[in-house]
Amino acid sequence: MDAKAKDLLLDALKAAAGEPQGLPLFAAKGRRGLFASSPAGRRAAEAGKQQGLLATARTERRGKSVVEICSLTDMGLAYLLEQTSPRAVLAEIRDAIQRRGSEIAVLIESARSIQEALDGLQKTTENTLARIVPDSDVASRNGSGTAGLTDQVLTALVEREPAVGDCPLPELFDRVRCRQSSLTIGCFHDALRHLYQAGRIYLHPWTGPLYEIPEPQFVLLVGHELAYYASRRAW
């Protein structure tokens, strides 16, 4: 391997050290990658894979192309530490932590904006219904009002309690909707907030990577946390 390819490989290994879930093997427009899609970059990438310094973690389909996602192997980390200062590796990891912190802040702010938009739409819907539907009909559509809906949420949690673990909000929504087919996510969230503020349920946050949240429309913003599970509070 020539000197240029070796330098490109070391840079790629440092980048991979800061991204344990892997990066695309080759960069593209608007997308980070371990190597530039150039002859030298391709030689360095091939050398890294052949020597066992990089391994394919998975492939992803993006449009019409399939992207190879590669991550650093134990052998790759050992080689990197032999060839460079450990401080350089730690600096890359520190930068990756800062990037992730910034991304999380953006996602939380985005979730907050979405929640506010949903709340606004829910209020607009309720105000519109109040103008065109008699009060008794509105109450029946909402399970006899907030009180009726919160009772249904608690009942659903009680019925589920033989199951292990906290109840994911999508599952809880489906259980309540079995009793009330017209239930909306906005009304469901309102009932959860009411129960949480009254100290009758716990709302537990999602702790995994944000991009892995299944059915993210059910996420409820509570303070600075993204609640995705609920459990009944014992009295």
Which whole-Hz couplings ³J(HN,Hα) result when phi for each residue of region 25-30 is put into the Karplus expression 6.51 cos²θ - 1.76 cosθ + 1.60, θ = phi - 60°, listed in order with x for Gly and Pro? 4, 10, 6, 9, 4, x
Mean Cβ-within-10 Å packing, highest first, puts peptides 212-222, 113-123 in the order 212-222, 113-123
Using a Gaussian network model on the chain with a 10 Å cutoff between Cα atoms, which of Arg112, Arg100, Arg31 fluctuates the most? Arg31
Cα-projected label distance for Thr155 with Glu116, points at 7 Å along beta-carbon direction, nm: 3.7 nm
Gain in span if fully extended, Glu60 to Thr84, counting 0.36 nm per residue against the direct Cα distance: 5.5 nm
State the extension gain, in nm to one decimal, for the chain segment bounded by Gln98 and Glu212, taking 0.36 nm per residue of separation less the distance between their alpha-carbons. 39.0 nm
Using a 7 Å offset from the Cα along the Cα-to-Cβ direction at both Glu171 and Val222, what is the distance between the two label points in nm, to one decimal? 1.6 nm
Taking +1 at the Cβ of each Lys and Arg and -1 at the Cβ of each Asp and Glu, which of Ala16, Phe173, Ile185 sits farthest along the dipole of the chain towards its positive end, judged by Cα position relative to the Cα centre? Ala16
Suppose only helical runs count, i.e. DSSP H with n ≥ 4. What mean residue ellipticity at 222 nm does that imply for the chain under -39500 (n - 2.57) per run, divided by all residues and rounded to the nearest 500 deg cm²/dmol? -18000 deg cm²/dmol
Using the Kyte-Doolittle scale, which helices in the chain average at least -1.0 and also have C-alpha atoms spread 15 Å or more along the helix axis, with helices defined as whole DSSP H runs? 3-17, 86-132, 145-160, 185-197
Model label zone, Ala40; criterion: amide N under 20 Å from point 7 Å along Cα-to-beta-carbon; scope region 13-32: 13-16, 25-29, 32
For region 1-57, what does the alpha-carbon gyration tensor say about shape, rounded, prolate or oblate, given a ≥ b ≥ c as the root eigenvalues, a/c under 1.5 as rounded, and a/b over b/c as prolate? oblate
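None of the figures in this text is laboratory data; all of them are computed from the coordinates on show. Quick caveat, the model's predicted, so the values are computed rather than measured. Heads up, the Cβs are rebuilt from the backbone with ideal geometry, glycines too, and the neighbour counts pull from every protein chain shown.
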